[in-house]
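Only one structure is covered here, and it is reproduced in the block below.
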Amino acid sequence: MKKIAIITSGGDAPGMNAVIRAATLTGINAGCQVFGVKRGYQGLITGEIVELTSAAVFDILHRGGTVLHSARCPKFGTEAGQKKALEQLENFQIEGMVVIGGDGSFRGAQALNKLGFTTVGIPATIDNDIGCTDFSVGFDTAVNTVLDAINKIRDTASSHDRVYVVEVMGKNSGFIALYSGLSGGADAILIPEIEFDLESVVKRIGEINRKGREYSIVLVAEGLFGDPISGRFIAESSAFKVGTYINEQTGRDTRITILGHIQRGGSPSALDRTLGTRFGAKATELLLAGETNKMVGWVRNEIKVSTMDEAIANKNQVDPTLYQLTEILAAV
């Protein structure tokens, strides 16, 4: 291949720029011309395609978000939109593309692949719900952002003897809540993958009080009360439902904190920079070797290449033993 492209699609994730940098420099080193598609599949349809030089990616490793920008694009879900995107790629004589994002981005890559275009995917989502990889780019940074918030909330919770219910992102995935709750010492963690009982949370708060600690921290995944069929979560905040119940049952001063989109931002952690760099380089190598419909992942501390079909079909699942550990530690 002489010309390849890079695209970021869907929600942004810290470390995407590390992927862009590594994929670009690896391609240039192999003698390729590298292009960046701006604003995801929307920009692909409209032809927002620019050349990426080594100078263009020199100073982006430490930056959060994506320098290529991202956007939702319902039009790309249509046959006409996909053919228009392919036409733009052909106009620029681009022969293969690195697709950085989540399952929606991968489905877009599959659509292009079915039209005969070469694509390789890289999992980049704070939700960490992509199959065939232990960690997605952006997840570690998001967890550390939540952990920092928990540390600060603990200070004010202990000062005022309050119960704090903290809601974190993840759609219908409990990875952020589980990992940040475990590392942050949350008293209860509620995630959609594990059956929960709010009465047991109330009892745990009461037991904590009896042991002499007057504050508690409950971590809640935003999709806790989601619809398992549609995959959508209800409009009312999960944290408000949980917090209201705790307040009504205990009479304790209960406060709600919804961390929101601060979890998407910030300079990527060392892990996300390293994963992004290794993923980006490997994806470009796969393209140049003629591979397609593949995804680069990280499994048991090694790079693993899987098909996109496998990655989409097999969602990453939380480890129930980790959840059990949080329950044991909170009960002591």
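So here's what we get for this one:
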{"read-out": "Residues (closer than 16 Å to Gly108 by Cα and hydroxyl-bearing (Ser, Thr, Tyr)) located in segment 32-70", "value": "Tyr41, Thr46, Ser70"}
{"read-out": "Check on Ala186, touching a strand residue (DSSP E or B) at 6+ places or on another chain (Cβ under 6 Å) and part of a helix (DSSP H, G or I)", "value": "no"}
{"read-out": "Subset of segment 117-168 (residues that are without any contact (Cβ under 8 Å) to a residue 12 or more places away in the chain and in contact with a Lys or Arg (Cβ under 8 Å, 6 or more places away or on another chain))", "value": "Thr156"}
{"read-out": "Neighbours by Cβ (under 6 Å, 6+ apart or cross-chain): first from segment 270-297, more than 14 Å from Val99 (Cβ to Cβ); second acidic (Asp, Glu)", "value": "Leu271/Asp140; Asp272/Asp140"}
{"read-out": "From Val98, Val57, Val67, Val34, residue being closer than 27 Å to Val143 by Cα and surrounded by 24 or more Cβ atoms within 10 Å (Cβ to Cβ)", "value": "Val98"}
{"read-out": "Any chance Ile6 is more than 22 Å from Met169 (Cβ to Cβ), β-branched (Val, Ile, Thr) and either at pLDDT 95 or above or surrounded by 23 or more Cβ atoms within 10 Å (Cβ to Cβ) (or both)", "value": "yes"}
{"read-out": "Index of the failed condition, Gly174 passing every other in (1) crowded, with 23+ Cβ neighbours inside 10 Å; (2) modelled with pLDDT under 95", "value": "(2)"}
{"read-out": "Residues of segment 120-144 satisfying the condition of being touching a Ser or Thr at 6+ places or on another chain (Cβ under 7 Å) and either under 16 Å from Ser183 (Cβ atoms) or assigned to a helix (DSSP H, G or I) (or both)", "value": "Asn128, Asp140, Thr141, Val143, Asn144"}
{"read-out": "Only one of Ser238, Ser269, Ser216 that is at pLDDT 95 or above and within 23 Å of the chain's Cα centre (by Cα)", "value": "Ser269"}
{"read-out": "Failed item, numbered, when Phe196 is tested on (1) at pLDDT 95 or above; (2) more than 28 Å from Val305 (Cα to Cα); (3) touching a strand residue (DSSP E or B) at 6+ places or on another chain (Cβ under 9 Å)", "value": "(1)"}
{"read-out": "Single residue of Gly290, Gly266, Gly243 found to be buried (at least 16 other Cβ atoms within 10 Å of the Cβ) and either in contact with a Pro (Cβ under 9 Å, 6 or more places away or on another chain) or outside the structural domain of Arg162 (by TED's automatic domain parsing) (or both)", "value": "Gly266"}
{"read-out": "Residue match in segment 153-162 (condition: buried (at least 19 other Cβ atoms within 10 Å of the Cβ) and within 19 Å of Ile258 (Cβ to Cβ))", "value": "yes"}
{"read-out": "Residue in segment 251-263 that is surrounded by the most Cβ atoms within 10 Å (Cβ to Cβ), counting only those that are among the β-branched types (Val, Ile, Thr) and under 29 Å from Ala18 (Cβ atoms)", "value": "Ile258"}
{"read-out": "Selection within segment 114-172 - hydroxyl-bearing (Ser, Thr, Tyr) and more than 10 Å from the chain's Cα centre (by Cα)", "value": "Thr118, Thr119, Thr133, Thr145, Thr156, Ser158, Ser159, Tyr164"}
{"read-out": "Any hit, segment 32-48, residues being within 22 Å of Gly290 (Cβ to Cβ) and over 27 Å from the mean Cα position of the chain (by Cα)", "value": "yes"}
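The values are calculated or read from the model by the stated rules, or taken from the named source; none is laboratory data. Note that the structure is predicted; figures quoted are calculated from it, not measured. Please note: Cβ atoms are built from the backbone with ideal geometry, for glycine as well, and neighbour counts cover all protein chains shown.
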